[in-house]
Amino acid sequence: MEEYIENKTFDEINIGDSASVHHTLSKRDIMLFAIMSGDVNPAHLDEEYAKSDLFQKIVAHGMWGASLISTALGTRLPGPGTIYLSQSLQFLRPVVIGDFITGQVTVREKLPEKHHVILDCVCFNQNKIDVIRGVAEVMAPTEKVRRKRVQLPSVDEVLKAVH
């Protein structure tokens, strides 16, 4: 992982620029997302229920995949200093435990009057099959930011610290 996190300013961004992040979904990810969001839909947490549901197995929360798009926007393109303004999403296919998901953003349009950028967003799995598609609008930073990447503690360290 890179030691530093750096943005692209509005003036540095070009139509067609792209950035992505990747993550393999685990059961732990699903549990942590449920804890954080409060979304206890049994399709995500109850294996017995999931067997009788549409996809017949535990699936990720749709917004878990969308969070990869948010991560790409906030840490890669445009990066630090980005203001998220809007997001549309289509959830095309389920994401299941073990799927390697790539969240990718690609610049479609620049709106100079307010430094807004329109980006096509997609999440696809290890088979290059789209699972989420959408469009985001952000306000891109106008000043360069380069910061040391924050090293996140493990979940176990966080739990130990709050008890």
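The values are calculated or read from the model by the stated rules, or taken from the named source; none is laboratory data. No experiment lies behind these values; they were computed from the predicted model shown. Heads up, the Cβs are rebuilt from the backbone with ideal geometry, glycines too, and the neighbour counts pull from every protein chain shown.
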> How many residues are in contact with a Lys or Arg (Cβ under 7 Å, 6 or more places away or on another chain) and modelled with pLDDT under 95 if we restrict to segment 11-50?
Replying inline: 1
>> Condition (residue is over 23 Å from residue 23 (Cα atoms), in contact with a helix residue (DSSP H, G or I) (Cβ under 9 Å, 6 or more places away or on another chain) and surrounded by fewer than 16 Cβ atoms within 10 Å (Cβ to Cβ)) applied to segment 93-107: is it met by at least one residue?
In response: no
>> The conditions are (1) touching a residue at least 60 places away in the same chain (Cβ under 8 Å); (2) buried (at least 16 other Cβ atoms within 10 Å of the Cβ); (3) not aliphatic (A, V, I, L, M), and residue 147 fails exactly one of them. Which is it?
In response: (2)
> Do we have any residue at all in segment 70-82 that's at pLDDT 95 or above, among the charged types (D, E, K, R), over 27 Å from residue 10 (Cβ atoms) and out of contact with any Pro (no Cβ under 9 Å at 6 or more places or on another chain)?
Replying inline: no
>> Need the failing condition index for residue 117 against (1) free of Cβ contacts under 8 Å to residues at least 60 places away in the same chain; (2) touching a Lys or Arg at 6+ places or on another chain (Cβ under 6 Å), just the number.
In response: (1)
>> Condition first: among the small types (Gly, Ala, Ser), outside any strand (DSSP E or B) and surrounded by fewer than 16 Cβ atoms within 10 Å (Cβ to Cβ). Can you find one or more residues in segment 29-47 that meet it?
In response: yes
> Within segment 1-41, can you find the residues that are charged (D, E, K, R) and within 16 Å of the chain's Cα centre (by Cα)?
Replying inline: 29
> If you go through segment 1-28, how many residues are surrounded by 15 or more Cβ atoms within 10 Å (Cβ to Cβ) and closer than 29 Å to residue 110 by Cβ?
Replying inline: 11
> Consider residue 8 against the criteria (1) in contact (Cβ under 8 Å) with a residue 24 or more places away in the chain; (2) over 18 Å from residue 135 (Cβ atoms); (3) outside any loop (DSSP other than H, G, I, E, B); (4) not polar (S, T, N, Q): it satisfies all of them except one. Which criterion is unmet?
Replying inline: (3)
> What is the residue count in segment 54-80 for residues that are surrounded by 15 or more Cβ atoms within 10 Å (Cβ to Cβ), touching a helix residue (DSSP H, G or I) at 6+ places or on another chain (Cβ under 9 Å) and outside any helix (DSSP H, G or I)?
Replying inline: 7
> Which residue pairs have Cβ atoms under 7 Å apart, sit 6 or more places apart or on different chains, and have a first residue in segment 123-144 that is part of a strand (DSSP E or B) and a second that is of a type in the set (Asp, Glu)?
Replying inline: 124/130; 135/120
